[in-house]
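The values are calculated or read from the model by the stated rules, or taken from the named source; none is laboratory data. All values reported here derive from a predicted model rather than from experimental measurement. Cβ sites come from the backbone with ideal geometry, for glycine too, and all protein chains shown count toward neighbours.
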Amino acid sequence: MGQTNYVLKFSSRAAAQADAVAGLETILDDQGARQWLASNSVEVTIWRNSQDTVDGSGNVVHTPLSGFFVLISLDRVVDALLNHSAVQLVIDRDKMNARQPGFILKSGVSNAILQDLRISPIFAGMDVPWGVMN
């Protein structure tokens, strides 16, 4: 397996940073050792494309979902993250980029909502098939 992307939702930045497993700056690997993840995690905004509006100047306005979202990208599956209560979505990035079936390893939302989600920013090298994720 190649790169695995985890999207987690917390109530706040402080809650994410305080989380023992998915803290923004460190994560426990499978052997329980802490690893620095500054380059592997990013705060993201998530919205539903169907809820976009257009302002008076013709600009598209997104309505972010509530909560504090973090995208973590690792070169392996970490069971502690995969099974974390805050996980919303787990993707095998290599399969996703190749449009291979089964790229969604875990999802906490329905297929209809999943196809409507948008995430920004994303990591370089992610080729997300917006509107057809399921």
* **Residue count, the range 2-52 (criterion: more than 25 Å from residue 102 (Cα to Cα), at pLDDT 85 or above and crowded, with 17+ Cβ neighbours inside 10 Å)** => 1
* To do: Report yes if residue 125 is touching a helix residue (DSSP H, G or I) at 6+ places or on another chain (Cβ under 9 Å), at pLDDT below 90 and either farther than 24 Å from residue 2 by Cα or of a type outside the set (A, V, I, L, M) (or both), otherwise no.
  => yes
* Taking the options 79, 75, 55, name whichever one is touching a strand residue (DSSP E or B) at 6+ places or on another chain (Cβ under 8 Å) and modelled with pLDDT under 90. => 75
* Structure fact -> Taking the range 73-115 and keeping only residues that are among the hydroxyl-bearing types (Ser, Thr, Tyr) and surrounded by fewer than 15 Cβ atoms within 10 Å (Cβ to Cβ), one is left with 85, 110
* List every residue pair whose Cβ atoms lie under 6 Å apart, where the two residues are 6 or more positions apart in sequence or sit on different chains, the first residue falls within the range 76-97 and is closer than 12 Å to residue 8 by Cβ and in contact (Cβ under 8 Å) with a residue 12 or more places away in the chain, and the second residue, located anywhere, is among the β-branched types (Val, Ile, Thr) and assigned to a loop (DSSP other than H, G, I, E, B). => 80/21; 84/21
* Within the range 80-127, considering residues that are of a type in the set (D, E, K, R) and assigned to a strand (DSSP E or B), the one nearest to residue 68 (Cα to Cα) -> 118
